[in-house]
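Encoded as structure tokens, the structure appears first; notes follow it.
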Amino acid sequence: MFIKYKSAIVHFSLPAMAVSVAVAVCDGRLADAANAHGQAVQASLGVLQATTAFIGVGTVAGVALSAVNLHQTLKLKKAVERLEVKLENGFINLEQLLKYQGADIKQQISQVVEKMTFENHRLVLVRAYGLFTQAIQRMRSALQLQDINRRNAEIDAARGMLFEALADYRNPHLLAETCAAGQLRRLECSWAIEQSIIGTYQVQNEFGAAGDRISQLQQQIRQDGLTVIAGCDSDGELDFLFPEIACIHDRDLVLLDTWQNQIDWIKSLPPSELKELQSADLSKSNLAVIGEKNSAATALAIPDEQLFYESLRPKSHFYALRTQLELMLDPQRREEYEGYIIEQGENAGHKSLVLSNLEKASDLAVANLYYYFKFRDESEEESELVNA
């Protein structure tokens, strides 16, 4: 999860913030917008990082996943915003996190934090979070500078620190030592830092570079998501991953498109209109006001993605649900599944299983049909081997 922002359950703080940072070149408003943005990303990153203690280190997820699912993390972020829970070095005091958890979860967390492997991971994440916070502070100071050359030099330096932090969160050796749920949390942290890197290009009016990185980030999120899904091998992990990835697909990727469109629009403006836009006050937009009123309710409500997943579970099974997630992130894969279904349908005499009908079916329906035939074929092959 990146940042759960405003009235929508999303990970990025994009809608009003992206425009404000992108076009507010008057020093005071730019600093204010960037400061608010940095604080939001910093709080969200800390919450995401802190939940890695629940997930642990290893290739198998533990029983504590339910304590840091999409809904619980939303509520935890809200608690951090209200200063009910404090962050230290990008982690939360475990006593605060464990306060309302059961004995089995408390025992697992105690075992996790005592392991040397987790301590090694924690030290790397503490360093990365420290670099990130220093970069944000440096950005705040840079945006107060009147000299444009000095300001750009400081922003360049802050961006370099963000890239260092990003490398730590995406360390392939550490990612390989964690389960699918743990990998998703680390990657979510990296996506949040990517957002801040894009912001550094925006405040320098380098909209071409910002737009290019947004496009790269969209591709990266989809590929990272597919890698995480491929590593999911248990119902418990799928219960955790499905709502998270569905939220990323339905909301975050959509907002990245919006951000991209905003940048393309700003690039197309003539100088006179751009100057007029720069003088506009976007801080009191309807979206921002509505968002402030609804943000608390959003954090307390069970996310739609979690309710959607719970409605699907009785209708399917692990493999089909996991495949639906893959098709969500990579729709082109659906052709392969449809081709297999059509071929097997013809062999079995199912005349209704043709492309025109399959195109109208949901991803879950296609996944269920695919595994119906696949499991049937595997069962027949096993029977033939036994009878041979």
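In segment 363-383, the residues that are in the same structural domain as Glu335 (by TED's automatic domain parsing) and farther than 14 Å from Gln344 by Cβ reach residues that are at pLDDT below 95 and outside any helix (DSSP H, G or I) with C-beta atoms within less than 7 angstrom, at least six apart or across chains, in these pairs: Leu364/Ser316. For segment 220-243, residues that are under 20 Å from Ala176 (Cβ atoms), part of a helix (DSSP H, G or I) and in contact with a Leu (Cβ under 6 Å, 6 or more places away or on another chain) total 6.
Check whether at least one residue in segment 249-269 is in contact with a Ser or Thr (Cβ under 9 Å, 6 or more places away or on another chain) and in a helix (DSSP H, G or I), and report yes or no. Checked segment 249-269: at least one residue is in contact with a Ser or Thr (Cβ under 9 Å, 6 or more places away or on another chain) and in a helix (DSSP H, G or I). The residue that is modelled with the lowest pLDDT, among those in segment 245-257 that are within 13 Å of Asp304 (Cβ to Cβ) and not small (Gly, Ala, Ser), is Arg251.
Checked against (1) touching a residue at least 40 places away in the same chain (Cβ under 8 Å); (2) in a loop (DSSP other than H, G, I, E, B), Ala320 meets all criteria but (2).
The values are calculated or read from the model by the stated rules, or taken from the named source; none is laboratory data. If you're wondering where the values come from, they're calculated on a predicted model, not measured in any experiment. Don't worry about glycine lacking a Cβ; one is built from the backbone with ideal geometry, like all the others, and counts go over all protein chains shown.
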